[in-house]
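For reference, the structure discussed in these notes is given below.
Values in this text are rule-based calculations from the coordinates and carry no lab data. As the structure is a computational prediction, the values presented were derived from the model and not from experiment. Every residue, glycine among them, receives a Cβ derived from its backbone with ideal geometry; neighbour counts consider all protein chains shown.
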Amino acid sequence: MSSDKGQFQQGYQPEVQHQPLPGLEKNLSPAPQPDHLPTPDGKAELYKAAGKLEGKKAIITGGDSGIGRSTAILYAMEGADVFIAYLKEEQEDADETKRLVEAKGRKCYLHTTDLRDRANCKKLVDEAVEKFGGQIDILVNNAASQMMVNDIKDLTEDQWIDTFNTNIHPYFYLAKYVLPHMKPGASIINNASINAYIGRPDLLDYTSTKGAIVSFTRGLSNMFVSKGIRVNAVAPGPVWTPLIPATMTDDAIKQFTSPMGRPSQPSEIATCFVFLASPDSSSISGQTIHANGGVVVNG
Ligand SMILES: NC(=O)c1ccc[n+]([C@@H]2O[C@H](COP(=O)([O-])OP(=O)(O)OC[C@H]3O[C@@H](n4cnc5c(N)ncnc54)[C@H](O)[C@@H]3O)[C@@H](O)[C@H]2O)c1
């Protein structure tokens, strides 16, 4: 059943739909508006940039679509060049992100990869260093996947390992390889999830990786905060992206909402990635921003 509300309005519910993994934004209905934010009357307006990332260079994994795409575009609007990594099946989405970033007047480098292989994480950093002339100011660890399983007896050992290989190990590899290139003022931002805080049972493996990301963020921050490099996380609630029709059941999509009465837009999460990369958050490190539509969680 389609909602008669617009996607920025309270009471909006996305229509049930499915896509094969990894999911493409070009097939998402309705398409998110990656450079617009909701207004109080349920409409949307263009994000207002203020030169907060002028001249910065950012790596964004999973930057082809969803939260990663919106982050790439907002970073470009704030004056940064971006290097985005994505799976080869997502080339069309990546091409569109490049077009949208370039329309904001900044450079967008494309890098197809599978981040589960640590050698690929090393190649990604080497190529970004080369393209950016040795300067890396921001790493956005954003790529992830999930698959719903209701009961631990049906959650295979292989799925458990693959989810950890996809969602948390690359965050470590990329941070390890990129940090030698970072200078004071640089920032690493990891995408976690509300599920780390509420303990979602039908995404047990995913939820566990997101908890690991929160703890990784805290430990890495404590390792680097005295060196002038900040490490933070964002923990989104439900956000309308291709991951959802690619991985969630009919019932889960029907319940895909928040206390604000709608799922978030990717742009509403991307603003947190702007804040945590910019000097506006200069005294914040080791923390998590809960952009989740108003669910109060601890930690
Ligand atoms: N959409 C939500 O409701 C929601 C909620 C909480 C957290 N998140 C997090 O937001 C982040 C971005 O997801 P999204 O919702 O924007 O969906 P998305 O599908 O647009 O982005 C996920 C991206 O991860 C990348 N990816 C997955 N496996 C990969 C691999 N093996 N190698 C390289 N890249 C790979 C793909 O490029 C893909 O585009 C994820 O970390 C996700 O866990 C999403």
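Before moving on, here are some points about what is shown:
- Simple Cβ-charge dipole of region 188-265, Lys/Arg +1 and Asp/Glu -1, about Cα centre, in debye nearest 20: 400
- Extent of region 1-96 along its three principal axes (Cα atoms, max minus min coordinate, largest first): 45, 35, 15 Å.
- Near the amide H of A186, within less than 5 Å, lie the amide hydrogens of R230, all on another chain or at least 5 residues away, with H placed in the peptide plane.
- Dipole magnitude for the chain: about 1100 debye, using +1 per Lys or Arg Cβ and -1 per Asp or Glu Cβ, origin at the Cα centre.
- Cα-based shape type of the chain, given that a ≥ b ≥ c are square roots of the gyration tensor eigenvalues and the cut on a/c is 1.5: rounded
- Candidates S267, S283, S215: whichever shows maximal mean-square fluctuation once the chain is modelled as a Gaussian network with Cα springs under 10 Å: S283
- Three-way shape call for region 91-130 based on the alpha-carbon gyration tensor, with the a/c threshold at 1.5: oblate
- Under 5 Å, built H, 5+ apart or other chain: amide partners of S264: V239, W240
- Coarse-grained scattering of region 104-185 at q = 0.11, 0.15 Å⁻¹, given as base-10 log I(q)/I(0) from a Debye sum over alpha-carbon atoms: -0.39, -0.63
- Over the C-alpha atoms of region 182-263, the Rg to Rh ratio, Rh being the Kirkwood estimate, stands at 1.08.
- For region 130-193 versus region 262-279, the gap between their alpha-carbon centres in whole angstrom: 18
- Whole-Hz Karplus values for region 36-53 come out as 10, 10, x, 10, x, 8, x, 9, 9, 9, 4, 4, 9, 8, 9, x, 6, 10 Hz, taken residue by residue from phi with 6.51 cos²θ - 1.76 cosθ + 1.60 and θ = phi - 60°; glycine and proline positions read x.
- Using the Cβ-Cβ distance between A252 and F275 with R0 = 35 Å, the FRET efficiency computed as 1/(1 + (r/R0)^6) comes to roughly 0.75.
- Pairs from K52/K254; K26/K123; K98/K153; K26/K227 whose Cα-Cα separation, in the structure shown, is over 32 Å: K52/K254; K98/K153; K26/K227
- With a Förster radius of 45 Å applied to the C-beta separation of S226 and E15, the computed FRET efficiency comes to 0.35.
- Summing Lys and Arg as +1 and Asp and Glu as -1 over all other residues whose Cβ lies under 12 Å from the Cβ of A186 gives a net charge of +4.
- Sequence-distant residues sharing a close amide H with H290 (under 5 Å, placed H): A235
- Relative packing of 110-116, 82-88, which averages over residues the other C-beta atoms within 10 Å, highest first: 82-88, 110-116
- When the Cα positions of A252, L87, F216 are compared along the charge dipole of the chain, F216 comes out farthest toward the positive end, with charges on each C-beta of Lys, Arg, Asp and Glu.
- The listed peptides 17-27, 249-259, ordered by packing as a protection proxy, come out as 17-27, 249-259 (highest mean of other Cβ atoms within 10 Å first).
- Counted by Cβ distance under 13 Å from I284, the other residues give a net charge of +1, where Lys and Arg count +1 and Asp and Glu count -1.
- Peptide packing for 55-66, 4-15 was compared via the average number of neighbouring C-beta atoms within 10 Å per residue; ordered from the highest value, the list is 55-66, 4-15.
- Cα-projected label distance for A50 with N298, points at 7 Å along beta-carbon direction, nm: 3.5
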